[in-house]
1. Just to verify a result, which residue in the range A:151-169, among those that are in a loop (DSSP other than H, G, I, E, B) and among the hydrophobic types (A, V, I, L, M, F, W, C), is farthest from the other protein chains (Cβ to nearest Cβ)?
2. Test each condition in (1) under 22 Å from B:Ile89 (Cβ atoms); (2) assigned to a helix (DSSP H, G or I); (3) without any contact (Cβ under 8 Å) to a residue 60 or more places away in the chain; (4) small (Gly, Ala, Ser) for A:Gly182 and report the one that comes out false.
3. Does at least one position in the range A:19-29 carry a residue that is out of contact with any Cys (no Cβ under 7 Å at 6 or more places or on another chain) and farther than 30 Å from A:Thr287 by Cβ?
4. Given the conditions (1) small (Gly, Ala, Ser); (2) open to solvent by 20 Å² or more (accessible area, probe 1.4 Å); (3) part of a helix (DSSP H, G or I), report the number of the one that A:Ala201 does not fulfil.
5. With the requirement that a residue be over 24 Å from the mean Cα position of the chain (by Cα) and more than 7 Å from chain A (Cβ to nearest Cβ), what does the range B:59-96 give you?
6. Could you please find all residues in the range A:128-137 being surrounded by fewer than 21 Cβ atoms within 10 Å (Cβ to Cβ) and β-branched (Val, Ile, Thr)?
7. Looking at B:Gly38, B:Gly56, which one is farther than 30 Å from A:Leu181 by Cα, open to solvent by less than 100 Å² (accessible area, probe 1.4 Å) and within 14 Å of chain A (Cβ to nearest Cβ)?
8. Restricting attention to the range A:110-156, which residues are more than 21 Å from the chain's Cα centre (by Cα), aliphatic (A, V, I, L, M) and modelled with pLDDT under 90?
Amino acid sequence: MSNLDHGKFTRVTTLFHSLLGLDVFLLFFTGYAIMFNDELWWLLAVMGGASGVTAIHRITGIGLIALIVFWIVLQIISPTGRGNFSEILPGKDDFDAFVQDVQFMLGRADERHPNARQFAGYKADEVPLLSYIGKGVVFIFSIELTLLAISGLLIWSKTGLAAMFQTKAAAMAFVTFHGLLGVIMLMGVMFHVFEHGFHPAFYPVETKAFIPRSMVPEYHSDEDEEPDTTGIERLSLSPSWRTMSSIFGALTVIGIVSVLIGSIFDEGYPVPRELAIGGGPTSILLTIGINVGILVLGVGLVLSMYGNVLRIRWERQMEEEREGPAATDGGREEPSDD
Amino acid sequence: MSGRQETPEVSGYARSHVAISAVVGILVAGLSVWWAQGFDIFYESLYRVSPTVEGGGIGADWVFGNTIPSLDFLIALVHAADVLMGAFILVMVFLHWAAFRRLADRMRQPGEERGEAVAADGGEQR
């Protein structure tokens, strides 16, 4: 019973998600190696120092713009994209789902709201295309990526910006703006990794985003009986879940808090009069915390790759099952389940 | 010529109009001189290099560029957004963490045997 859930992503979406993830992770690793260069000195060194890091950041920046434009055009010109647009608009259900999640956390509700449910199970028909978190991710990341792309293009050639404002110092303001803006997305992606890597039913990765919908068999219950539960009680919890989710949950919180504190103190504009090493307080705790944040993102990158490994394995298994009866050369045929 | 002199028919100016024009004239004259006073620069300061920031010398553009209020405001705004969104994201992390723990408690624990539970809810057994 590993495939109770309906897949939600099409093949193009899974591919886009993986490419976007890879691109954004590279942008994070290079961008924050620049912004938090005293805390992440090793990352700066690993990626080829100042020139290497900026080169990778610019190349992946072009990639990001290409991906964004590709996606916008696809959503506009394809009937699927246009048809899904109404599905991503937040509504009252999404607010109710948030409220019910709080109640569920406090033990005052028995189930998560359909708009909050990651594991749909038997009740897959109730679950909308996107959960309330999914809608939030779409909106916040869209705004963030647009602003980051625009501000990134503005600081592409700082002499042009300096000429526009008739002053050199103003260019620094846009660099700072760009970096601070990305912090929201940095924190959001850490949560995203925790949310989709550590759901007990899907741990260690929610395959929904990697295995396309077309490849996931759908479960349909008997028409006359409507199941009462999602069926999660029939799944076995992974032995390592408790330990790993506690550790990773703590790392996520430490990473988010540290990056937030670091961003408050790492001022770039107005350019300070005195030369401050690193531009902020260089404390050992903050250094560890920001590195923890990068570790969380690193785990996210690994999980994204693992999701793709699972997809490849899944594809092979599907192919073997399809070819099974045709390849019989007198051998025994495995009895099929359906 | 007769003894009686005739004055021509002239439509004169209203007193009020004259008064208003006079006032405006005096005001404009006064203001223009007051404005022209601004051009009065001590002749010794003409064509002199002012190397200070106040004098518009070297580094003045840097100080100007480093103190643009609109850019300062934008950055304060993003700082605020960072803090607000950070707090919100942390709430979301804790919310999901707690929800995941509740869901995990409902699942079959590692090593637990609950064979009859599977059959009881009508599911087919493999």
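The values are calculated or read from the model by the stated rules, or taken from the named source; none is laboratory data. Quantities reported herein were computed from a predicted structural model and do not represent experimental measurements. Here the Cβ positions follow ideal geometry from the backbone for every residue, glycine too, while neighbour counts run over all protein chains shown. With ligands, DNA and RNA removed, areas are computed over all heavy atoms of the protein, side chains included. Shrake-Rupley method; radii C 1.70, N 1.55, O 1.52, S 1.80 Å.
1. Looking at residues that are in a loop (DSSP other than H, G, I, E, B) and among the hydrophobic types (A, V, I, L, M, F, W, C), I get A:Trp156.
2. The number of the failed condition is (3).
3. yes
4. (3)
5. Across the range B:59-96, the qualifying residues are B:Gly59, B:Ala87, B:Phe88, B:Val91, B:Phe94.
6. Hit for the range A:128-137 is A:Val137, nothing else.
7. B:Gly56
8. Answer for the range A:110-156, where residues must be more than 21 Å from the chain's Cα centre (by Cα), aliphatic (A, V, I, L, M) and modelled with pLDDT under 90: A:Ala124, A:Leu154, A:Ile155.
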